[in-house]
Amino acid sequence: MLLALGVVDYTLHRPWRLFVLLIIVLYVAEWAAFRHRREAIFIIRQRRHRLANQLQLVTGWLQLGAVQKAEEAMERLMIQEASQSRWFRHLPSHWSYLFLRWDARGEERGVVIRWSGLDTLAPSYRMAWILERRLREAIRMAQSTMTVDFAGEGFRIVVADAPRSVPRGWTLGPDGVAISWPSRRNAVQSTSEQL
């Protein structure tokens, strides 16, 4: 209580410091909001670009008279959009945003991210934080495709066409460079802690 009274007394004698602190807090809050708005605009642009490319492909097949190929391209587009709609069902909004953002970042680099096991996903903040770190590493390695498989409270990322140099924590297997979370070591530690 004495500390609070001291702070109040200090700010009353030097009110300009409180004003400067308020300005700094407002600036940081506005900067964070602007960063998220910029990220949302980036996501929307990427999605519109992909949709326009797919529709141009369908239009091109129709102009060439290849109705079967146009139907196949339209079917792939519908399947892709239907699979992305699962991102918004039964998931917290920050997880849906995570999927949209990484899908857009992958598209920007020419990498297709395949998400599987979303029905079994048990989202947590810690898992989202670790997934963000691992996706950042994976997107740098990937050249065309990568797969993210979810299984309950864990995930596995596989980069099929990664370079031969394996980053720390990643393993080189027959299907490419992969990493799992929780790793076997973490899973064994958590099991022994429960006992």
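The values are calculated or read from the model by the stated rules, or taken from the named source; none is laboratory data. This is a predicted model, so every value here is computed, not measured. Positions of Cβ are generated from backbone atoms using ideal geometry, with glycine treated the same way; all protein chains shown enter the neighbour counts. What goes into the accessible areas is simple: the full protein's heavy atoms, side chains included, and nothing from ligands, DNA or RNA. Shrake-Rupley method; radii C 1.70, N 1.55, O 1.52, S 1.80 Å.
Can you compute the modelled spin-label distance between L91 and E75, with each label point 7 Å from Cα toward Cβ, in nm?
2.6
Mind giving me the nanometre distance, one decimal, between the label points for T145 and A52, set 7 Å out from Cα along Cα→Cβ?
The answer from the label model is 2.7 nm.
Full-extension gain between R35 and A128, please, as 0.36 nm times their residue separation minus the C-alpha to C-alpha distance. Write down the numbers at each step before the final one.
Numbers: separation 93, 0.36 × 93 = 33.48 nm, distance 1.92 nm.
Contour length minus Cα-Cα distance gives 31.6 nm.
When the dipole is taken about the Cα centre of region 87-147, and only Lys, Arg (+1) and Asp, Glu (-1) are charged at their Cβ, what size is it in debye, to the nearest 20?
Numbers: 10 positive and 6 negative charges, 36 e Å.
Using Cβ point charges on Lys, Arg, Asp and Glu, region 87-147 gives about 180 debye.
Per residue, how much accessible area does region 49-124 show when a 1.4 Å probe rolls over the protein heavy atoms, in square angstrom? Kindly include the intermediate steps, with their values, before the conclusion.
Working: 4650 Å² over 76 residues.
Ligands and nucleic acids excluded, the result is 61 Å² per residue.
Please report how far the C-alpha centroid of region 158-177 lies from that of region 35-101, rounded to the nearest whole angstrom.
Distance between centres, Cα-based: 28 Å.
Need one number: nm distance between label points at D175 and A82, each 7 Å from Cα along Cα→Cβ, rounded to one decimal.
2.3
Normalise the Debye intensity by I(0) for region 10-156, one equal point scatterer per Cα, no solvent, then take log10 at q = 0.09 Å⁻¹ and round to two decimals.
-0.43
What full-extension length gain, to one decimal in nm, is calculated for E108 and L21 as 0.36 nm per residue of separation minus the Cα-Cα distance? Intermediate values should be presented prior to the final figure.
Numbers: separation 87, 0.36 × 87 = 31.32 nm, distance 3.86 nm.
The E108-L21 span can extend by a further 27.5 nm.
At 1.4 Å probe size, what's the solvent-accessible area of M74? Round to the nearest 10 Å².
Result for M74: roughly 70 Å² accessible.
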